[in-house]
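Have a look at the structure below before the remarks.
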């Protein structure tokens with residue numbers, strides 16, 4: 001069985017971010033964000049979350065460097 005929103009889960013994992021960090025930027029608390037990911041999201045919502053992950057990852061890497 002394929003996990004819903006597996007691309008988002010993988011992007012968060014690969015970025016080294018925590019779910020609560022992405023949820024905060026998305027405007028939800030971590031519990032609600034996790035529940036949101038249980039059902040497949042629309043392309044627009046996925047794009048927004050993936051953009052948040054990319055931006056947060058870039059910001060994080062600048063802080064580390």
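Since every read-out is calculated from the coordinates, none of them should be taken as a lab result. Note that this is a predicted model, so its numbers are computed, not measured.
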Open item on the list: Need the C-alpha centroid separation for the range 1-22 versus the range 36-57, integer Å.
Closed with: 9 Å
- [ ] Would you kindly calculate the translational diffusion coefficient of the chain, applying Stokes-Einstein with the Kirkwood radius from alpha carbon pairs, for 4 °C and a viscosity of 1.567 mPa s, and quote it in µm² s⁻¹ without decimals?
- [x] 108 µm²/s
Open item on the list: From the helices alone, meaning DSSP H stretches of at least four residues, give me the mean residue ellipticity at 222 nm for the chain, per-run term -39500 (n - 2.57), in deg cm²/dmol to the nearest 500.
Closed with: -22500 deg cm²/dmol
Open item on the list: So for the range 4-45, averaging the separation of alpha carbon pairs under 8 Å that are six or more residues apart and normalising by length, what relative contact order in percent results?
Closed with: 48 percent
